[in-house]
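> My structure is below; once you've seen it, I'll send some questions.
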Amino acid sequence: MSVSVSTAASTGKHRRSGSIAGCYNRAVSSTASTLAVSLESVRTRIAAAAHRSGRPAASVTLVAVTKTVPPEAIREAYRLGVRHFGENRVQEREAKRPALGELREAVWHMIGHLQRNKVRRAIELFDRLDSLDSLQLAEKLEAVAAERGVRIPVLIEVRLAPEETKAGIEPEALPALAAHVLRLPHLELDGLMTVPPFCPDPEQVRPYFRRLRELRDRLAAQLGRPLPRLSMGMSHDFEVAIEEGATEIRLGTALFGLRQP
Ligand SMILES: Cc1ncc(COP(=O)(O)O)c(C=O)c1O
């Protein structure tokens, strides 16, 4: 089977924008085996990094970021054992869903900024929100989740480099938002997420990952409850993120190749 994935690369500048809902990157193509090889390599690197941090490979969840990736490549990833998928946009997830309905064990993560007017759709389309970034969004999610009788696992996205990244809340605002979320019965606060600045040398990103782990540890102590999920690390820096305690890494380029702008 020929699947539209570009040659996998282990590096790639992080881009949050550029995809148009419903349009996928079909320009580049390779074979399904490219994905199998990339996945195998990624799994080996995850295991080695986890080992270096004294943890089993199974303590790290691979979230395949499928922004601009066509449904057939997503199905191939599922066939190869991937179960967690991340999308940045409600519309794109919605456009691909009809072609993906049979992936029964798939867990869908919303990893992009969620607008409040899209909360209703998002609750139908995603299993988790990894990018909670405001009190107003938390309130809206709570209201819709209560209406539907569901409980939504969430991560709070923290902005650690305000000059470089737009998304997330400031670390200073984290304790108040977290305490508020804990009072909302239909949200389940599981941990933190961050998108650090892009640095060619992953070692330069290490302090951001360490900072997020320390923030999580402090917050968990303040709240008196565990916050087990730490979502950090992308294609070019995931090994460093794992060494610093990531329990979830979000990989697009390393699996599916470079996205078209
Ligand atoms: C929030 C987020 N995490 C992870 C990724 C994956 O990045 P990469 O392709 O560098 O692995 C993206 C890509 O759009 C993203 O927006």
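> Rounded, prolate or oblate: pick one for region 109-261, where a ≥ b ≥ c are the square roots of the eigenvalues of its C-alpha gyration tensor, a/c under 1.5 means rounded, and failing that, prolate if a/b is larger than b/c, else oblate.
It comes out oblate by the Cα gyration axes.
> Would you mind putting 239-247, 128-136 in packing order, based on average other-beta-carbon counts within 10 Å, highest first?
239-247, 128-136
> What shape does region 2-256 take by its C-alpha gyration tensor, where a ≥ b ≥ c are the square roots of the eigenvalues and a/c under 1.5 counts as rounded, a/b above b/c as prolate, and the rest as oblate?
Oblate is the answer for region 2-256, as a/c is 1.5 or above yet b/c matches or exceeds a/b.
> Need the full-extension length gain, Ala176 to Ala57, defined as separation in residues times 0.36 nm minus the C-alpha distance. One decimal, nm.
Taking Ala176 through Ala57 to full extension adds about 39.5 nm, to one decimal.
> Relative to the Cα centre, what is the charge dipole magnitude of the chain, using +1 at the beta carbon of each Lys and Arg, -1 at the beta carbon of each Asp and Glu, and rounding to the nearest 20 debye?
In total the dipole reaches around 400 debye.
> Among Leu62, Ala241, Leu230, which residue has its Cα furthest toward the positive end of the charge dipole of the chain, with +1 on Lys/Arg Cβ and -1 on Asp/Glu Cβ?
Value computed over the given set: Leu62.
> With a 10 Å cut-off between alpha carbons and a GNM built on the chain, which of Val82, Val90, Val37 moves the most?
It is Val37.
> Now a separate question. Output wanted: per-residue J couplings in Hz (rounded whole) for region 105-120, from phi through Karplus 6.51 cos²θ - 1.76 cosθ + 1.60, θ = phi - 60°, x for Gly and Pro.
Here the 3J(HN,Hα) series is 8, 5, 10, 9, 9, 8, 10, x, 5, 9, 7, 4, 6, 10, 4, 4 Hz.
> Would you work out which of Ser41, Val119, Val90 lies farthest towards the positive end of the dipole of region 36-128, given +1 charges on the beta-carbon of Lys and Arg and -1 on that of Asp and Glu, about the Cα centre?
Result: Val119.
> Taking every DSSP beta bridge that has both residues in region 2-256, what percent is antiparallel when rounded to the nearest 5?
Bridges in region 2-256 are about 5 percent antiparallel.
> Follow-up. How would you order 166-177, 107-118 from highest to lowest mean count of nearby Cβ atoms within 10 Å?
107-118, 166-177
> Under a 10 Å cutoff between Cα atoms, tell me which one of Arg216, Arg52, Arg151 has the largest fluctuation in the Gaussian network model of the chain.
Arg52
> Region 127-147 to region 39-79: how many Å between their Cα centroids?
Between the Cα centres of region 127-147 and region 39-79 lies a distance of 27 Å.
> So, one more: Please give the contour-minus-distance gain from Thr44 to Glu214: 0.36 nm per residue of separation, less the Cα-Cα distance, rounded to one decimal in nm.
Working it through step by step, the gained length comes to 58.5 nm.
> Contour minus end-to-end for Ala99 and Cys199, with contour as 0.36 nm per residue of separation and end-to-end as the Cα-Cα distance?
Additional length available on full extension: 32.4 nm.
> Sticking with this structure for a sec: Counting other C-beta atoms within 10 Å, which of Phe85, Phe126 has the fewest, and how do the rest follow?
Ascending Cβ contact count within 10 Å gives the list Phe126, Phe85.
> Now a separate question. For region 2-256, with the dipole built from +1 on Lys and Arg beta-carbon atoms and -1 on Asp and Glu ones, taken about the Cα centre, which of Leu212, His51, Ala179 lies farthest toward the positive end?
Ala179
> Please report, ordered by residue number, every helix of the chain (full DSSP H runs) that is 27 Å or longer along its axis going by C-alpha atoms and whose mean Kyte-Doolittle hydropathy reaches -1.0.
Membrane-span-like by this rule: 32-52.
Read-outs throughout are calculated quantities, based only on the coordinates presented, and are distinct from any laboratory measurement. Fair warning: this is a prediction, and the values are worked out from it, not measured in the lab. In this analysis, Cβ positions are derived from the backbone assuming ideal geometry, glycine residues included, and neighbour counts consider all displayed protein chains.
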